[in-house]
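The values are calculated or read from the model by the stated rules, or taken from the named source; none is laboratory data. Note that this is a predicted model, so its numbers are computed, not measured. Using ideal geometry, Cβ is built from the backbone for each residue, glycine included, and neighbour counts are taken over all protein chains shown. When the accessible area is computed, the model is the full protein with side chains, heavy atoms only, and any ligands, DNA or RNA have been set aside. Shrake-Rupley method; radii C 1.70, N 1.55, O 1.52, S 1.80 Å.
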Amino acid sequence: MTDRQLAGAVYTVSAVVCLLVLVLILSPQLVVIEGLDVSPLPRAHAFINGTTALFLILGYTFIRRGQIGRHRIAMVTAFGLSCLFLLSYLVYHAQAPDARFGGAGAVRVFYFAVLVTHIVLASLVLPLALYTVARAFRKEFPKHRRIARWTLPVWLYVAVTGVIVYLMMAPYYPS
C-alpha cells in the first residue's frame, strides 16, 4: 500500500466512523433492538477507557525502557480496547435514549469544557492512532515515532476524559 493509499484508507475510515457517531448521537434510539439492555454500557465504556489509559502509559514506559516487545503488546491492547469501545459506543447510542447533564454552575461549565475537548480530540485521535499503528506494522519506525509523539498525549487525554465524562454523567443516565 502506498502512502497515498494509506492516507485514503485512514481518512475514509475516520470520516465514516465520525459520521456514524454523529448520526447516532443526533438520532438517539435510531436502531432499537427489542430486549437489548444497553444500560450497563456507559460504565463499561468508562472501564474500557481507563484500561486503555493504563495500557498507553505502560506502552510508553516500555518503549522508554527499550522493551519493544512489551511496548508492542501494550499498544496493540490499547488499540484493541479502543476498537471495542467504539463498537460498544455505537451500539449504545443506536439503542439508548438521550441523556442530558443536569449539573449547574461551575460544575456545568467544567463538564462542558471537558466534554467539548474530549469530543474534538476523540475525532482527531482516530486518524492519528490509525497512522501510528500502520507505521509500526509497516516497520516505518522513524515515521512511527514522529506521529506517536502527537498521538500518545491526545489518545491519553481522550481516554482519561472519557472516564471523567462518565463519572460526571453517571447520575443522569436513564436506569
Task: Matching label, percent of Cα pairs over 25 Å apart computed from the structure shown, candidates (i) 41; (ii) 37; (iii) 31 - done: (ii)
- [ ] Over the stretch 1-102, with every protein chain in place, what whole percent of the accessible area is carbon and sulfur at 1.4 Å, could you tell me?
- [x] 68
Task: Highest-MSF residue in the chain out of V107, V160, V133 [GNM, Cα springs under 10 Å] - done: V107
Task: trypsin sites (Lys or Arg not before Pro) within the stretch 48-141: DSSP coil, no more than 13 neighbouring Cβ in 10 Å - done: R65, R100, R138, K139
Open item on the list: Between V91 and V13, what is the label-point separation in nm under the 7 Å Cα-to-beta-carbon projection?
Closed with: 2.0
- [ ] Return the carbon/sulfur percentage of the accessible area of the stretch 117-168, one whole number, probe 1.4 Å, all protein chains in place.
- [x] 76
Task: Charge-dipole axis of the chain as Lys and Arg at +1 and Asp and Glu at -1 on Cβ define it, positive-most pick from C18, A99, T52 - done: T52
Open item on the list: Only four residue types carry charge here, +1 at the Cβ of Lys and Arg and -1 at the Cβ of Asp and Glu. Report the dipole size of the stretch 39-108 about the Cα centre in Debye, rounded to the nearest 20.
Closed with: 300
- [ ] Only helical DSSP H runs with n ≥ 4 go in: add -39500 (n - 2.57) per run for the chain, normalise by residue count and round the 222 nm mean residue ellipticity to 500 deg cm²/dmol.
- [x] -28000 deg cm²/dmol
TODO: Determine the relative contact order of the chain: mean sequence separation of Cα pairs under 8 Å and six or more apart, normalised by residue count, in whole percent.
DONE: 32
TODO: For the chain, report the accessible area per residue in Å² (1.4 Å probe, heavy atoms, rounded to an integer).
DONE: 61
- [ ] Using only Cα atoms, locate the centre of the stretch 121-165 and the centre of the stretch 1-52, then give the distance between them in Å, rounded to an integer.
- [x] 17
